[in-house]
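A short worksheet on the structure shown next.
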Amino acid sequence: MTDIADEPAPTAPPADSHPPEWLDLPDGFALRRRTAADAGEMNSVIVRNNAHLRPWMPWAAGLPTLAHTAEMIRLGSQLWEQGSDFLYVLVHAERPGGVLGMFGLHRRIGPGAIEIGYWIDQAHTGRSLATNGAAALTGAALRLVDVERVEIHCDEANAASAAVPRKLGYRLDRIAEGPIAAPAETGRKLIWIQRRPAH
């Protein structure tokens, strides 16, 4: 245990270390920073998509309560302010309160890199929304001052997720062996990479 007074005061990250809170996508869709007001819609879409998500998402093993979703949003907001994770909801620009999926940028893969995560409401799959959202986040991530590389990770068996980085020109860098964390996983994770273009 340490005395809190011994810890360094937090410093605000530079402005260009955060992506925009709103990103326009084709066909009238957008990615919007998620907020506390999204708790009800987010909880509904997660519960509605549980069977769709459970094979691939370890966190979908059970159904979240509204209180759990609200807490997840609160923690995500803290991470945004700290500059480590940037969490979005997919919306239609004419109905920005409706949640059609979720996206994120995560600084969990080491210095100079950021990882994109995404999933789409099953009723809205097959419309290039994951691809368009990941494209927008790739561009936003590579404009961050400290990001040289963007990665997308997915299980080898998840063909739908793997199609997204392939369409966007990511390079399959390697296949990493790891523990199986969700029912449909093989334990073989595809690591896709896109680097900042050389000037």
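Most simply put, the range 109-199 has about 75% antiparallel DSSP beta bridges, counting only bridges with both residues inside it. Our coupling estimate for the range 147-157, obtained by passing each phi through the Karplus curve with A = 6.51, B = -1.76, C = 1.60 and θ = phi - 60°, is 10, 10, 9, 10, 10, 10, 10, 7, 5, 4, 7 Hz, Gly and Pro reported as x. For the peptides 134-143, 49-58, the ranking by mean Cβ contacts within 10 Å, running from highest to lowest, is 134-143, 49-58.
If you take the Cα centroid of the range 46-78 and the Cα centroid of the range 146-165, the two points sit 21 Å apart.
First select every other residue whose beta carbon is under 12 angstrom from the beta carbon of Leu190; then total the charges, Lys and Arg +1, Asp and Glu -1.
Numbers: positive: Arg166, Arg171, Arg174, Arg188, Lys189; negative: Glu151, Asp155, Glu156, Asp173, Glu177, Glu185.
It works out to a net charge of -1.
Entry note, the chain: the mean residue ellipticity at 222 nm calculated from DSSP H runs of n ≥ 4, each adding -39500 (n - 2.57), is -8000 deg cm²/dmol after division by the residues and rounding to the nearest 500.
Calculate how many DSSP beta bridges within the chain are antiparallel, expressed in % of all such bridges and rounded to the nearest 5.
90 percent
Compactness of the chain is given as radius of gyration and Dmax, 17.1, 53 Å, from Cα positions.
The distance linking the range 15-34 with the range 80-139 is 9 Å (Cα centroid to Cα centroid, whole angstrom). Each residue of the range 29-39 was assigned a 3J(HN,Hα) from its phi angle through the Karplus curve 6.51 cos²θ - 1.76 cosθ + 1.60 (θ = phi - 60°); the sequence is 9, 7, 9, 10, 3, 6, 9, 4, 5, 7, 4 Hz, with glycine and proline shown as x.
Convex hull volume per residue, computed on the Cα atoms of the range 87-154, equals 90 Å³.
What is the range 62-106 by shape, rounded, prolate or oblate, if you read a ≥ b ≥ c off the alpha carbon gyration tensor as root eigenvalues and call it rounded for a/c under 1.5, prolate for a/b larger than b/c, and oblate otherwise? Let's see the in-between values first.
On the way: a/c = 2.04, a/b = 1.14, b/c = 1.79.
Judged from the Cα gyration tensor, the range 62-106 comes out oblate (a/c at least 1.5, b/c at or above a/b).
Figure the gain on full extension for Arg171 and Ala61 (residue separation times 0.36 nm, minus the Cα-Cα span) and round it to one decimal in nm.
Working: separation 110, 0.36 × 110 = 39.60 nm, distance 3.08 nm.
My answer for the length gained is 36.5 nm.
Sum up the charges of everything whose Cβ sits under 14 Å from the Cβ of Ala130, counting Lys and Arg as +1 and Asp and Glu as -1, but leave Ala130 out.
Numbers: positive: Arg127, Arg166, Lys167; negative: Asp27, Asp121.
Neighbourhood net charge equals +1.
Note on the range 99-199: Cα-Cα pairs beyond 18 Å make up 47% of the total pair count. For the range 160-174, backbone phi angles converted through the Karplus equation (6.51, -1.76, 1.60; θ = phi - 60°) give residue-by-residue couplings of 5, 5, 5, 5, 5, x, 4, 5, 8, x, 5, 9, 6, 7, 6 Hz, Gly and Pro being listed as x.
Where a number appears in this text, it was derived from the coordinates with a stated rule and is not lab data. Note that the structure is a prediction, hence the values are computed from the model and not measured. Heads up, the Cβs are rebuilt from the backbone with ideal geometry, glycines too, and the neighbour counts pull from every protein chain shown.
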